[in-house]
Amino acid sequence: MTRKWIVTALVTLLAMTTALPAFAARIEYPVGAGAKLARGVTNAAAGWYEVPKQTNLGGRQKGAVGALGGFVKGVALGVARTAAGGYELATFWAPIPTDFEPVMRPATVFEER
């Protein structure tokens with residue numbers, strides 16, 4: 001059983017490492033991968049910032065009711081942004097989505113819509 005897992009892990013690692021030169025052949029690969037890595041770190045670490053941001057925006061637009069709605073929206077967006085950051089961290093080496101495009105818009109919580 002253990003040997004089967006070791007062989008499976010080695011085959012998977014081999015498949016991943018042989019695919020990297022194909023991605024690296026394009027000149028913009030290092031820039032795109034670096035941007036995706038930085039975006040992933042930012043979103044994974046600061047996704048929680050969506051809660052006060054959305055609460056503030058909702059409160060400005062609709063008062064107390066808007067602040068409550070903004071809080072709920074902030075929690076949902078915070079969870080989504082943190083998960084998107086984790087995804088981008090795990091896949092920063094691969095140009096997915098196409099050409100390292102961000103998973104969410106805006107790309108980070110600190111950008112305006």
Study note, to complete from the structure: Result of the Cβ filter at 8 Å on segment 64-75, keeping first residues that are in contact (Cβ under 8 Å) with a residue 24 or more places away in the chain and more than 7 Å from GLN54 (Cβ to Cβ) and partners that are aliphatic (A, V, I, L, M) and in a helix (DSSP H, G or I), at least 6 apart or interchain, is VAL75/VAL51
Exercise for review: Filter segment 55-98 for residues that are among the charged types (D, E, K, R) and within 14 Å of the chain's Cα centre (by Cα) and give the result.
Suggested key: ARG81, GLU88
**Study point:** Candidate set: segment 1-60, residues that are modelled with pLDDT under 85 and among the basic types (Lys, Arg); chosen: the one surrounded by the most Cβ atoms within 10 Å (Cβ to Cβ)
**Key:** ARG26
Review point. Quick one: would you say GLY59 is without any contact (Cβ under 8 Å) to a residue 60 or more places away in the chain and out of contact with any strand residue (DSSP E or B) (no Cβ under 6 Å at 6 or more places or on another chain)?
Key: yes
Point to revise | Enumeration of residues in segment 74-96 that are under 16 Å from VAL31 (Cβ atoms), not aliphatic (A, V, I, L, M) and not in a helix (DSSP H, G or I) | key: PHE92, TRP93, PRO95
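The values are calculated or read from the model by the stated rules, or taken from the named source; none is laboratory data. What you see is a predicted model; the values in this text were computed from it and never measured. Note: ideal-geometry Cβ built from the backbone for every residue, glycine included; neighbour counts use all protein chains shown.
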